[in-house]
Amino acid sequence: MQEFSLEQMAENIHYGKTKTYFEEVLSSYHNQNYRSAVVMLWSVAVCDIVFKLQSLIDLYNDASAKEILDEISKVQDADPRSSVWELKLIDDVNEKTHLLDASEYENLRYLQRQRHLSAHPVLNKERELHAPNKETVRSLLRNTLDDLLIKPPFYTQHILNELLADIAESREILNTRKKVRKYVESRYLSRTNQTVELSIFRSLWKIVFKLENDDCNKNRLINLHVLEVIATKNRALLPDTIRGDVDFYSNVANGGDPLQYLTFFLSQNHEVFPLLSDAARLKVEHCAANDDVGKTIGWFTKDSLTKHAEDIESWIKSEERPIFSPPQFDVLLEISDTDEWQSRFCRIVSTYYGASRNYDQADSRFQVAIPKYIKLFDRDSIRDLAQKINSNSQCHDRGRARHDYTIIKERIDELFPEGFNYKDYTWFSRKLGLDD
C-alpha cells in the first residue's frame, strides 16, 4: 500500500493562498521544527476558515457566514491584541454552519490546544519547553488537510432563499430535468453536505406539495425538479427522514396542482408512500382514482402494475375519453424498465389509438401514440396493434393511414423475418396495399 503523502494531499488544497501558507508548515515539519509547524498550522486553519466564509458571502450572500464574520470583527475591534476571536470563530462555525462536523471540530480544538502549548513558554517538570513529537504533528497535519483545507466552502442552512431565487430567475433556461440536475449539482450540491441537503428537501417539500401562492404556483415545476435531484442523491436516507417527521411530511394539499405533483413524485419514489399518515395516503389515493394525472401515474396505490395497466385501458375506452399528451405517455413508460411493463405500455398506446372515434382523432392519436414508441413493440404487442386497427374503421379507413402505417410495416418486417400472417387482419393489410 502506498504511504500517505502530505505533499500529494497538499496539492488538493482548495485555496491558492492557503496552499502557499501550508508550504511553510511543511517546511517546518520536514526541518523538524515541530513547534513552529504546529503554530503555523493553526494560523493556516483559521485563515482558511475565514477565506471560506468570505467566499460564501461574496458568491452567495450567505447570511450565516456574514453574521459570523461581523461578530468576529466586533471582537477584534474591542481588543485588537486578543486572540479570543480565533476560538470564537471555530465555535461559531461549528454551531451556525456545516463547514465542520463534530469530529472535525474536536480535531481543530485539539490543534488549538497543541498550538497554545507550542507557542507559549509552557515548561514541563524538567523546565523544558513543550515539544510535540513527529507523529503528533504529522497527525495534526493530516487531520487539518482532510477536515478543512482540501474542502470547498459548504453552504450553511441559509442556502434555501438564495437557491429559490436563483432557479426562479433561471427557470426559462433550466427547461429540462437534465439541465436542472446539472445546474443544481454544480452550483449547489457540490458545496453541501447531507444535513444541508435534507434541510432543503424538507423546505421544498412544503413549498411544492402544500403551499399555494403566486411564487409557488409560478415556480412549482422547477422546484419539483430540484426536489427530485436532492431526493435522488439522498434516496437511501429518505425513509428515515420521513419517519422522523411524519406529521410534517403528511401535511400536504387536499387537491389541485400540489397534490398532483406529490402523486407524481411518489410514482418515482414509491417507498415513501407507505410512510405517510393515513390521511395523507387517502388524499393521494383519491388523486390516483379521480384525477387525470393521478390515473396516469398512480400505480403505487394499486395491487400491481398489471392492475394499473388494466385500469388505464378501461379508462381510455370509457365515456370519459381522456386525452393523453406525449409527456404523459413518457412518464407512463418510465414507471418500470421491465420487458413486461414495456409490453403492457405498448398495449396501452395501441388501445389509445384503437379507441379513436373519428378520422381526425385517429390522425392525431396515431402521431402521439405510435411513431415514437414503435421500436418498443414486440411480436405480441404488434399483433395487438394490428388487431385494434383492423377492428376500427376510424383507424383503417382514414386517408393518412396508408402513409402512416409504413412504420408499422417496417417493424413487422423486423419482428417477423419469416413472414407475417396479414390474412388475419384484412382491413389492416388492405390499407398497407398488400391485397393490390
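Matching residues to (1) under 23 Å from Tyr15 (Cα atoms); (2) of a type outside the set (Asp, Glu):
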{"residue": "Pro152", "(1), (2)": "yes, yes"}
{"residue": "Ile159", "(1), (2)": "yes, yes"}
{"residue": "Glu169", "(1), (2)": "no, no"}
{"residue": "Asn175", "(1), (2)": "no, yes"}
{"residue": "Arg181", "(1), (2)": "no, yes"}
{"residue": "Leu189", "(1), (2)": "yes, yes"}
{"residue": "Phe209", "(1), (2)": "no, yes"}
{"residue": "Asn217", "(1), (2)": "no, yes"}
{"residue": "Leu227", "(1), (2)": "no, yes"}
Legend entry - Sole residue being closer than 28 Å to Asn290 by Cβ and either under 38 Å from the mean Cα position of the chain (by Cα) or in the same structural domain as Thr306 (by TED's automatic domain parsing) (or both), chosen from Ser356, Ser429, Ser381, Ser393: Ser356
Legend entry - Odd one out for Ser267 among (1) within 27 Å of Arg177 (Cα to Cα); (2) outside the structural domain of Lys210 (by TED's automatic domain parsing); (3) small (Gly, Ala, Ser): (2)
Inset, instruction - List every residue pair whose Cβ atoms sit under 6 Å apart, with the two residues 6 or more apart in sequence or on different chains, where the first one lies in the stretch 391-410 and is surrounded by fewer than 20 Cβ atoms within 10 Å (Cβ to Cβ) and the second, anywhere, is in a loop (DSSP other than H, G, I, E, B). - result: Lys409/Leu432
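Report yes if Ser277 is hydroxyl-bearing (Ser, Thr, Tyr) and either modelled with pLDDT of 95 or more or buried (at least 16 other Cβ atoms within 10 Å of the Cβ) (or both), otherwise no. I'd like the intermediate steps shown before the answer.
On the way: hydroxyl-bearing (Ser, Thr, Tyr): yes; either modelled with pLDDT of 95 or more or buried (at least 16 other Cβ atoms within 10 Å of the Cβ) (or both): yes.
Answer is yes for this residue.
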Inset, instruction - Scan the stretch 182-214 residue by residue and report those that are touching a residue at least 24 places away in the same chain (Cβ under 8 Å), surrounded by fewer than 13 Cβ atoms within 10 Å (Cβ to Cβ) and within 16 Å of Ala253 (Cβ to Cβ). - result: Glu212
Inset, instruction - Residue by residue through the stretch 354-388, note down the ones that are touching a Leu at 6+ places or on another chain (Cβ under 9 Å), crowded, with 23+ Cβ neighbours inside 10 Å and either in a loop (DSSP other than H, G, I, E, B) or of a type outside the set (Gly, Ala, Ser) (or both). - result: Phe377
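The values are calculated or read from the model by the stated rules, or taken from the named source; none is laboratory data. What you see is a predicted model, and the numbers here were worked out from it, not measured in a lab. Neighbour counts are summed over all protein chains in view; Cβ atoms, including those assigned to glycine, are modelled from backbone coordinates with ideal geometry.
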